[in-house]
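Heads up: the structure comes next, in structure tokens.
The values are calculated or read from the model by the stated rules, or taken from the named source; none is laboratory data. Predicted, not measured: the structure shown is a model, and the values here were computed from it. Because the Cβ atoms are built from the backbone with ideal geometry, glycine has one as well, and the counts that use them run over all protein chains shown.
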Amino acid sequence: MSERIATMIGKEEIAKRVQELGAQISNDYKDGSLVLVCVLKGSFVFAADLARAIDSNLRVDFLGVRSYGEGTDSSGVVQITQDLSRPIAGEDVLIVEDIVDTGLTIAHLMDLFRTRGPRSVRVCALLTKPARAKVQVKIDYLGFTIEDRFVVGYGLDFAEKYRNLPFIGVVERS
Ligand SMILES: O=P(O)(O)OC[C@H]1O[C@H](OP(=O)(O)OP(=O)(O)O)[C@H](O)[C@@H]1O
Ligand code: HPA
Ligand SMILES: [Mg+2]
């Protein structure tokens, strides 16, 4: 069986949207103490591009989370694989996610971060897939709403493959 990746969102379209999100975030966080939290692994590409599209002062931290493993369905258990390197008490946290699918990961992170006393917590997600939502979480900055397909590329994986594709695509098997 061979696999082919069909483009869903091209790299120019992604780049344009990332610049727009960056401009909006720069405007909203003019004088705060912004911490961009890159949710590993999937957000590493989006967060790297988004950080460079924001011209406010910020620091970057990383949090490792895993619930999908090798398949295309959430296990329902959100495992923290790596914690933040510093406290976030009193800071304006912006969680950067590649995708909000069932919403379980982001809901878990919102609950976790709120126990640490940040000044604010917001969410920036490149993609959301409302057809699969199991919990509702407000996305403050959103790139694209997508249909119910398992997507790869621009950081997103299928069984750890395809994170390096420069666009968002869907796997087609023949
Ligand atoms: O809304 P949900 O259904 O919870 O899905 C979204 C989460 O799932 C993926 O992570 P994954 O567990 O695949 O880890 P990875 O980022 O290391 O690939 C993705 O990067 C999000 O963090
Ligand atoms: O559609 C998806 N693709 C890759 N990883 C994911 N994690 C949640 N949804 C997805
Ligand atoms: Mg994954």
Practice prompt. Filter region 89-109 down to residues that are more than 16 Å from ligand 3 (Cβ to nearest atom) and out of contact with any strand residue (DSSP E or B) (no Cβ under 6 Å at 6 or more places or on another chain) and give me whichever is farthest from residue 63 (Cα to Cα).
Written response: 90
Worksheet item: Does region 150-173 hold any residues that are modelled with pLDDT of 95 or more and either away from ligand 3 (no atom under 16 Å from the Cβ) or over 22 Å from residue 65 (Cβ atoms) (or both), and which are they?
Response: 166, 167, 169, 170
Fill in: Condition check for residue 17: among the basic types (Lys, Arg), closer than 19 Å to residue 154 by Cα and surrounded by 15 or more Cβ atoms within 10 Å (Cβ to Cβ)
yes
Worksheet item: Looking at region 143-160, which of its residues are in contact (Cβ under 8 Å) with a residue 40 or more places away in the chain, of a type outside the set (Phe, Trp, Tyr), surrounded by fewer than 19 Cβ atoms within 10 Å (Cβ to Cβ) and away from ligand 1 (no atom under 12 Å from the Cβ)?
Response: 149
Discussion item. Of the residues 114, 119, only one is in contact (Cβ under 8 Å) with a residue 60 or more places away in the chain, over 18 Å from residue 40 (Cα atoms) and either surrounded by fewer than 19 Cβ atoms within 10 Å (Cβ to Cβ) or within 12 Å of ligand 3 (Cβ to nearest atom) (or both); which?
Written reply: 119
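Okay, residues lined up against (1) in a strand (DSSP E or B); (2) away from ligand 2 (no atom under 16 Å from the Cβ); (3) basic (Lys, Arg); (4) surrounded by fewer than 19 Cβ atoms within 10 Å (Cβ to Cβ):
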position: 6; (1), (2), (3), (4): yes, no, no, yes
position: 13; (1), (2), (3), (4): no, yes, no, yes
position: 32; (1), (2), (3), (4): no, yes, no, yes
position: 35; (1), (2), (3), (4): yes, yes, no, no
position: 42; (1), (2), (3), (4): no, no, no, no
position: 45; (1), (2), (3), (4): no, no, no, no
position: 65; (1), (2), (3), (4): yes, no, no, no
position: 71; (1), (2), (3), (4): no, no, no, yes
position: 77; (1), (2), (3), (4): no, no, no, yes
Worksheet, complete the sentence: Within region 53-76, residues of a type in the set (Phe, Trp, Tyr) and within 9 Å of ligand 1 (Cβ to nearest atom) come out as 68
Worksheet, complete the sentence: If you go through 106, 99, 54, 95, the only one that is of a type in the set (Val, Ile, Thr), out of contact with any helix residue (DSSP H, G or I) (no Cβ under 7 Å at 6 or more places or on another chain) and either more than 15 Å from ligand 2 (Cβ to nearest atom) or in a strand (DSSP E or B) (or both) is 99
